[in-house]
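Working notes, beginning with the structure itself.
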Amino acid sequence: MVRRLSLAFSALLALAGIVASNGDEPKVEIAATVCFLEGPAVDAAGNVFFSDIAGNRIMKMDAMGQLSVFRADSGRTNGNCFDAQGLLISCEGGEQGAGRRRIVRTDMKTGKSAVLTEKFEGKRYNSPNDVCVDTKGRIWFTDPYCSHLEMDVDGVYRIGDDLKVTRVLTQKEVQRPNGIAITPDNKTLYVVDSHPKPGGNRKIWAFDVAKDGSLERQRLVYDFGKGRGGDGMKLDMDGNLWVAAGISVMRGPGESLDNPPGVYVISPQGKLVRRIPIPENLITNLAFGGPERKTLYVTAGKTVYRMQVSVSGYALYPPLNK
């Protein structure tokens with residue numbers, strides 16, 4: 001009996017040594033990711049469509065909060081948005097598994113999708129990330145170079161109403177394009193530049209949009225510094241930028257914990273108006289919906305958050321009720 005107790009005590013001591021060897025805490029790493037939410041977009045009925053990149057699907061949450069799978073095989077869809085006709089534009093990407101790496105448009109009445117573009121100058125896109133549409137029907141999307149694929153360019157592209165694709169930005173202007181938004185008057189395009197490497201850009205740029213769709217007069221709006229910068233971004237009706245940014249757990253040597261996770265509201269002049277804390281490690285994207293577009297939906301890791309705000313958000317669809 002004494003020997004059995006001694007062995008049990010020795011086992012406990014050994015376990016204690018495993019848990020805290022020499023007083024050091026064990027290194028904890030992510031072993032698996034079963035969902036990673038992104039790209040919310042809200043329709044006229046209050047349905048929220050959002051991507052689960054890790055699960056390779058697009059989810060639907062109705063106005064009552066009921067969840068269902070909208071598309072079981074999403075091609076690793078990341079960003080989504082609606083055009084003025086209520087058609088869903090999606091960035092089928094290439095993160096967290098093989099994706100289709102293209103831009104598609106879905107008729108929400110029939111559920112049928114059409115490919116808008118999957119190659120530029122004969123090469124497949126890297127990983128289409130985020131997308132917006134202007135009042136002229138032009139589609140703007142970001143395509144960061146996240147892995148060694150066919151195209152070694154971090155680019156921003158414009159799809160015209162004739163479906164002609166033009167590359168409008170490269171690394172000369174933006175290191176690693178991510179979130180994207182355009183003003184209601186089509187005069188200013190905002191691009192999040194978020195590179196996790198040491199010394200990489202964590203900035204938001206603004207560009208004047210010429211009548212022919214070309215970009216000019218690049219200027220810095222906001223610099224997130226050494227912390228994790230922006231991801232997805234939307235505008236409100238007052239012109240402020242609402243940016244999903246920050247992190248609470250280190251991902252690597254390139255980013256600090258200087259920017260707590262949340263929604264950063266930034267004026268067009270680059271002033272931080274406020275930060276809305278979100279109790280999750282990784283904040284990815286956001287969208288306005290609901291009555292007067294005063295409900296903000298935020299995707300973050302495994303969770304979709306919802307909050308009421310005092311200003312109406314901008315979205316091309318559905319039209320804002322007067």
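Each reported figure results from applying straightforward, stated rules to the coordinates on display, with no laboratory input. Note that this is a predicted model, so its numbers are computed, not measured. Reconstructed Cβ throughout: ideal geometry from the backbone, glycine too, with neighbour counts over all protein chains shown.
Figures for the structure shown
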item: Inter-label distance, nm, simple model (7 Å from Cα along the C-beta direction), Lys112/Asn281; result: 4.3
item: C-alpha center-to-center spacing [the range 79-134, the range 136-174] in angstrom; result: 12
item: Qualifying trypsin sites (Lys or Arg not before Pro) for the range 132-179 [loop in DSSP, other Cβ within 10 Å: at most 16]; result: Lys136, Lys164, Lys172
item: Value at 222 nm in deg cm²/dmol, rounded to 500, when DSSP H runs of n ≥ 4 in the chain each add -39,500 (n - 2.57); result: -2000 deg cm²/dmol
item: Degrees separating the helix 2-19 axis from the principal Cα axis of the chain, which is the longest one; result: 30
item: Straight-distance crosslink candidates among lysines, where the alpha carbon sits under 16 Å from Lys203 and sequence neighbours closer than 8 are dropped; result: Lys172, Lys226, Lys234, Lys271
item: Tensor-based shape of the range 221-309 (alpha-carbon gyration tensor, a/c under 1.5 rounded, otherwise prolate or oblate); result: oblate
item: Three-way shape label, the range 265-322, alpha-carbon gyration tensor, a/c 1.5; result: oblate
item: Mean Cα-pair separation over length for the chain, i.e. relative contact order, pairs under 8 Å, 6 or more apart, %; result: 11
item: Length gained when the stretch Lys302-Ala45 is fully extended (0.36 nm per residue, less Cα-Cα span); result: 90.1 nm
item: Three-way shape label, the chain, alpha-carbon gyration tensor, a/c 1.5; result: prolate
item: Cα-projected label distance for Asn186 with Val34, points at 7 Å along beta-carbon direction, nm; result: 4.7
item: Leu220 versus Leu272: modelled label distance in nm, points set 7 Å from Cα along the beta carbon direction; result: 1.5
